[in-house]
Amino acid sequence: MEIVLASRNRKKAEEIQRILAAQSVEIRSLADFPDCPDVVEDAGTFDGNALKKAREVAAFTGRTALADDSGIEVAALNGDPGVYSARYAGSGATDEANVEKLLFEMRDVPDGQRAARFVCCIALAVPGGDARTFWGFAEGSLGRERKGASGFGYDPVFYPAGHDRTFAEMTASEKDELSHRRKALRQLAGFLKFLL
Ligand code: IMP
């Protein structure tokens, strides 16, 4: 079965291909469909954005499509930055600026009240519009300063539960094992195994 990933990111496509290999799925990225228009992520929820992207790409390509949306939710900030994680410090903000804003907003929040979680929603859609979603979460807490140099986004300030190193202090495979994206992909893999 061929599935188009609603992303031009070949690395993301390769990671998904690895996880879904056992299900005889062949992942193609939007790099193979250069005319596919960019989808505006304006739904206000993770599943709203993922479903919108997957449905639009399925309609355009005439093939089953997969899309994801992810971010970090902080309990003390009522779930912010959430779906706005990529642009928390403003549109086009760098990872550094977003992390700086988050540390600033959390400056007076004591240890023990710094719970946070990464969220990933993956949507699978067929050209007719039918779709379903798969979720993954990585629970943990926020530090007070950046630690580590690998990963991206909020990794340097996120301590996964039960660990004393941030995601940015872990190897890629250590982080993958704990990550929200991997957990959502495993849910999807289970569904495809049942379906195919
Ligand atoms: P996207 O919509 O999946 O591209 O991700 C939205 C934003 O969430 C990213 O720009 C990051 O700021 C944040 N994010 C999502 N996943 C991760 C992660 O695994 N580590 C660090 N930050 C992440």
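In which sequence would Leu20, Leu5 go, from the one with the fewest C-beta neighbours within 10 Å to the one with the most?
Least crowded to most crowded, the residues run Leu20, Leu5.
Ranked by Cβ crowding within 10 angstrom, fewest neighbours first, how are Val40, Val25 ordered?
Val40, Val25
How would Leu77, Leu195, Leu102, Leu66 line up from fewest to most surrounding beta-carbon atoms within 10 angstrom?
Leu195, Leu77, Leu102, Leu66
Could you work out Rg/(2.2 N^0.38 Å) for the stretch 1-96, with Rg from alpha carbons only?
1.19
So, with +1 on the Cβ of K and R and -1 on the Cβ of D and E, and no other charges, what is the size of the charge dipole of the stretch 1-144 about its Cα centre, to the nearest 20 debye? Each step should come with its number before you reach the end.
Details: 17 positive and 23 negative charges, 42 e Å.
Using Cβ point charges on Lys, Arg, Asp and Glu, the stretch 1-144 gives about 200 debye.
Need the list of lysines near Lys183 for cross-linking: C-alpha distance under 16 angstrom, and skip anything on the same chain fewer than eight residues off.
Once the sequence-local lysines are set aside, what remains near Lys183 is Lys12, Lys175, Lys193.
Tell me the angle of helix 46-61 to the major Cα principal axis of the chain, expressed in degrees between 0 and 90 and rounded to the nearest ten.
It works out to around 30 degrees.
Using 1/(1 + (r/R0)^6) with R0 = 35 angstrom and r between the beta carbons of Tyr84 and Glu174, what's the FRET efficiency to the nearest 0.05? Intermediate results must be reported in sequence, preceding the final value.
Working: r = 28 Å, r/R0 = 0.79.
Efficiency for this residue pair is about 0.80.
So what is log10(I(q)/I(0)) for the chain at q = 0.13, 0.19 1/Å, when the Debye sum runs over its Cα atoms only?
Once normalised to I(0) and log-transformed, intensities are -0.71, -1.32.
Values in this text are rule-based calculations from the coordinates and carry no lab data. It should be emphasised that the depicted structure is a prediction, and the values quoted were computed from it without experimental measurement. Methodologically, a virtual Cβ is constructed for each residue, glycine included, from the backbone with ideal geometry; neighbour enumeration extends over all protein chains shown.
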